[in-house]
Amino acid sequence: MLTPSFAFAVVCFVLLLLFFSGLPNLRTCELPRTLMKSEPDRQNRLAVMLITVLYAVCAFWNLGNTASPQSFVPMEGRDVILRLPENTVPDRLVLFPGVGQGSYSVEYSNDAEGWRPQTTFDQDHVAVLKWQILPLNLSEPVNFLRIHCTSGSPWLGEIALWDAQGSGIPAAASIPELTDEGGLVPPVSNFLNSSYFDEIYHARTAWEHLHGIWPYEISHPPLGKELLSLGILLFGMTPFGWRFSGTVVGVLMLPAMYRFLKRLFGTGRVPVLGTALLASGFLHYVQTRIATIDSYAVFFILLMYDAMYAWLTEGKTKDLALCGILFGLGAACKWICLYAGAGLGVLWLAHWISELLHARHGVRYERGGASEPDRETRDSLLHAAPDQEMLRQTTTRGETGASSAYVLRAFFKNASLCIVFFVLIPVLIYYLSYLPYGISQNAPLFSRAYTKLVLDNQSFMFSYHAHIRAEHPYSSRWYQWVLDIRPILYYLEYLPDGKRVSFGAFVNPMICWGGLLSLMVLFYTALFRRDRTAAFLLVAYASGLVPWMFISRLTFAYHYFASALFLVPSLCYVFALFENAPRRFRLYPGCFTAVSVLLFAWFFPALNGITVSNELATKLLGWLPTWPF
């Protein structure tokens, strides 16, 4: 039986087929680089600014509470005693755990001497930065409650007591810092006031870095958590604070994508449409609003590929140097940037092989009478317009040898530059990113102890990721990512009135399924038309996906983030081809983008955590049986 939600998926796919049916003949159409426009783009920049502002409003709305307990107390070996008003029967104990793991026993007494057990609480790694509500089984008034740390070294942020009606009970605490922010105690625990998914690792580690504590999460390099901590410095240890930096990066990715697309396709409408596509991306929206490190790594991946393309097409050394620095920053956030770096290496090597082959075949490029153009001009001619009749080729044996020698000298000079900017400087950035580790262990920078803790962490990370064995109900494999089959559900809360709050990470169907079709177009033009822009985008996409095909550890849909990012410029490549289509087909890119934005609005409750009806959500959002919405 065809359900309404599945019917929507079918309609979406039919629209994609109609869109690609309007493509011009790929054998004869002009490739995107030949269609570049260079007119002033003031209106385009205003449009991108508007898109960015609207996206920022959506991104920061419902992000998280701006107020949470800030005074955390180490509880190792300590008790906190609460003195209650007379004739009070507490019904619930509310705790806000900080960092650290441990166990507590909750006891009660009427004279603060003879204590009787009531309940226990384990503050494990999953419980940190989440409001915990513990029921108390008391039928008579008590005068004192004692919370005793029985093991571990946990920190507490706040304690509160409620009666059976849910009203707060004023209590004097032996540790005043644990009851000084009672007005911040929420009626329920949810994603707006507590951590969710991997925030239990990364948000707490960011706080530990700020306070000189050895971090709990050491399975990834430190820089991402250090960037995350900037939001905590600005807004405190609150859900809004620990999610702020990633959300800002998500906003900044829009103008960064526009600049990248403008470099690829010129100043026409295509870069603006691509920016709107990214703004309507489900995975981009959800993943940059959670306090994890993927946002920073993917942001640097986008910037490093933009810099690499700038070098390939303009030949400026500063762009290649910038690319290397960005690679170092990204690698210090997460190792997925090493995969992206391998893609950069493929592009760099392919560039020099192409240069050498041209030289060995005796191709000398002339423009405007110049027989030996400078490096910047020559690279611009080679890459910016390979399909235009802008170059005049001549061949002689002597010139061939001279040209080959020129290319070899340029290659070795450039390789030396890469050793500095892609090896030495990234290693230095990576090494310096461990400064919070050194501070927590009193290990001075560049000391033997500091170097050892850096090297030991590399060994641990490799072993951890190589041998991790775990299961998760929303795990998925790479082939499920590319087909949008299995989203990861980050949060689910059923409400008593037949409603629910849920959100997860997956790719906008128009971008995911349309992007796959666009990759086929790129493969054709790269193989049969030898279009370097298409080849560049294919390498960028594959560098983030292919390594995961050989990884057997637990994986999720968010691991597709780095690859899915390049579905947007791949679609824009197809948009650019429509510039050469009949007039009636030139509306297709705009219509495609409009449908993508419409789907973003359609699925917004499943991306932002808006309360919806269970029945309605299933009918409208559960397009595939494997979608948990």
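Rule-based calculations on the coordinates, nothing more; no lab input. These numbers come from a predicted model, not from an experiment. Note that we place each Cβ from the backbone using ideal geometry, even for glycine, and neighbour counts take in every protein chain shown.
Each Cα pair under 8 Å and six or more residues apart adds its sequence gap; the mean of these over the residue count of the chain is a relative contact order of 17 percent.
Give me the Kirkwood hydrodynamic radius of the stretch 395-549 in Å, from all C-alpha pairs, to one decimal place? Intermediate values should be presented prior to the final figure.
Values: mean 1/r = 0.0461 Å⁻¹.
Every distinct Cα pair counted, the radius reaches 21.7 Å.
Computed over the stretch 501-558, the convex hull of the alpha-carbon atoms projects to a mean area of 5.3 nm².
The eigenvalues of the Cα gyration tensor, multiplied by 5 and square-rooted, give the stretch 1-140 an equivalent ellipsoid with semi-axes of 63, 23, 15 Å from largest to smallest. With the gyration tensor restricted to C-alpha atoms of the stretch 73-184, the semi-axes of the equivalent ellipsoid amount to 21, 15, 13 Å, longest first. In the stretch 128-191, the alpha-carbon atoms span a convex hull of 120 Å³ per residue.
Exposed loop sites are taken as GluC sites (Glu not before Pro) in a DSSP loop (any state but H, G, I, E or B) with at most 16 other beta carbon atoms within 10 Å; the longest stretch of the chain without one runs 114-388. The value obtained for the stretch 172-308, namely the Cα convex hull volume divided by the number of residues, is 136 Å³ per residue. Over the stretch 474-521, consider all pairs of different Cα atoms and compute the Kirkwood hydrodynamic radius from their mean reciprocal separation; express it in Å, one decimal. Result for the stretch 474-521 stands at 12.4 Å.
Taking only the alpha carbons of the stretch 274-334, we obtain Rg and Dmax values of 13.4, 38 Å in that order. Computed about its Cα centre, the charge dipole of the chain is approximately 2900 debye, with only Lys, Arg, Asp and Glu carrying charge at their Cβ.
Toward the positive end of the charge dipole of the chain, with +1 on the Cβ of Lys and Arg and -1 on the Cβ of Asp and Glu, the farthest Cα among 72, 26, 179 is that of 26. For the chain, dividing the convex hull volume of the Cα atoms by the residue count gives 170 Å³ per residue. Taking Cα centre as origin and charging only the Cβ of basic (Lys, Arg, +1) and acidic (Asp, Glu, -1) residues, the dipole magnitude of the stretch 73-184 rounds to 160 debye.
Can you give the relative contact order of the stretch 73-184 as a percent, counting alpha carbon pairs under 8 Å and 6+ residues apart?
Values: 289 pairs, mean separation 47.6, N = 112.
Normalised by residue count, the contact order of the stretch 73-184 is 42 percent.
Would you mind counting up the charge near residue 152? Only other residues with Cβ under 15 Å from its Cβ, with Lys and Arg at +1 and Asp and Glu at -1.
Working: positive: 78, 204; negative: 76, 79, 122, 124.
Net charge in that neighbourhood comes out at -2.
Long hydrophobic helices in the chain, taken as whole DSSP H segments with a C-alpha length of 15 Å or more on their own axis and mean Kyte-Doolittle hydropathy at least 0.0: 4-21, 42-60, 223-235, 239-265, 294-314, 317-331, 336-360, 397-418, 509-528, 532-545, 567-577, 588-602. Within the stretch 479-629, all pairs of alpha-carbon atoms sorted by distance into 5 Å bins from zero give the percentages 2, 8, 16, 18, 16, 14, 11, 8, 4, 2, 1, 0.
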